[in-house]
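Please read the structure below before turning to the comments.
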Amino acid sequence: MSIHFRPALLAAAIGVSALLAPLASRAGTVGYLTRVCSGQSNGSSAIVAAGHTPVPLANLDAASLAGLDGLLFINCTAEPYAGNAAIDAAVANGMVLVMHDKSIGTGMPVSGTRIPGGAALQLTSLTNTNVDVPATSPAATGPGGPVGNTSMDGTFYFTHRGYAALASLPPESVVVATTPDPAQVVTFAYPHGRGRVVYGSVPIDVFMSGGIGFNDTPAPGVRAFGANLIAWAMQLFTTCAAEGYTGAKLTMCRSVCESGATGTTLAGRIRLYTAIYRETPPCAR
């Protein structure tokens, strides 16, 4: 996986127009479990709406996860997540895990604390119909359409089933959605190893195609949220730190790939990085 970068700017900077094709909106393969929870949808319609290819899975073992770019996992009610070594390894090696946990904060161990990098999470089970999506959220816009603070409110069914305490989130976390209290985080994301974890409690299986709440008034907002979230999560990037870089190399990588530099400035930084380290910056691979 490489750091997400605008293909046109990258190609102009390094003078290789052939890079435009492989880097321009590559569709990823996203696995999903064929079994469904009580919401009656497996969530695969969110993968399609996000522009990626759904891959049905019967199991969550190493063989099933091999080669996937991402995994959409809807954890059912009354099934506390106790961890999965194959998922942990796949995320560490670059896979994106998008988990909607309907059992958040329940069970022993508490469901959600066994996701990769999530041992310190403070999770609370709470059913409610009020979800706020800040304007700065990566799920506020995307292929599903705009989503705001009222887009998922007022449904006959819960639009979130619990939250994480803001102070307990892993380092470098991005807040995606909250309750009306911004310290109660309904959905968040963070890098882990070479991959990424997106975790939350919005029960998208209820409102996606085939779900029991598909025609409910806020359902379009939930569908938009699901598509936008997956589209953002599946941007093919990792941070320079997640590449394992430290010291001067980390600083230089960030100046190339994470600074927002463009044009001749960017071109010069790429040439300098390549000359010093005898390799292509990760965002140019």
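The helix-based estimate of mean residue ellipticity at 222 nm for the chain, built from -39,500 (n - 2.57) per DSSP H run of four or more residues and divided by its residue count, is -7000 deg cm²/dmol to the nearest 500.
Report relative contact order for the stretch 32-171 in percent, whole number only (criteria: Cα-Cα under 8 Å, sequence separation at least 6).
Across the stretch 32-171, relative contact order equals 19 percent.
For Phe73, the residues whose modelled amide H falls within less than 5 Å of its own, excluding neighbours fewer than 5 places apart on the same chain, are Val98, Met99, His100. If R0 equals 51 Å, the separation of the Cβ atoms of Phe156 and Thr246 corresponds to a calculated FRET efficiency of about 0.50.
Given R₀ = 35 Å, FRET efficiency for Thr217-Thr34 by Cβ-Cβ distance, to 0.05?
My answer for the efficiency is 0.75.
The share of accessible area on the chain that comes from carbon and sulfur is 56 percent, using a 1.4 angstrom probe. Rolling a 1.4 angstrom probe over the protein heavy atoms with all chains in place gives the stretch 100-239 an accessible area of 36 Å² per residue.
The order of the peptides 197-204, 128-135, 213-220 by mean Cβ neighbours within 10 Å, most packed first, is 197-204, 128-135, 213-220. In this Cβ point-charge picture (+1 for Lys and Arg, -1 for Asp and Glu), the chain has a dipole of about 820 debye about its Cα centre.
The values are calculated or read from the model by the stated rules, or taken from the named source; none is laboratory data. Here the structure is a predicted model, which means the values were calculated and not measured. Neighbour counts run over all protein chains shown; Cβ positions are idealised from the backbone, glycine included. Side chains included, ligands, DNA and RNA excluded: accessible areas come from the protein's heavy atoms. Shrake-Rupley method; radii C 1.70, N 1.55, O 1.52, S 1.80 Å.
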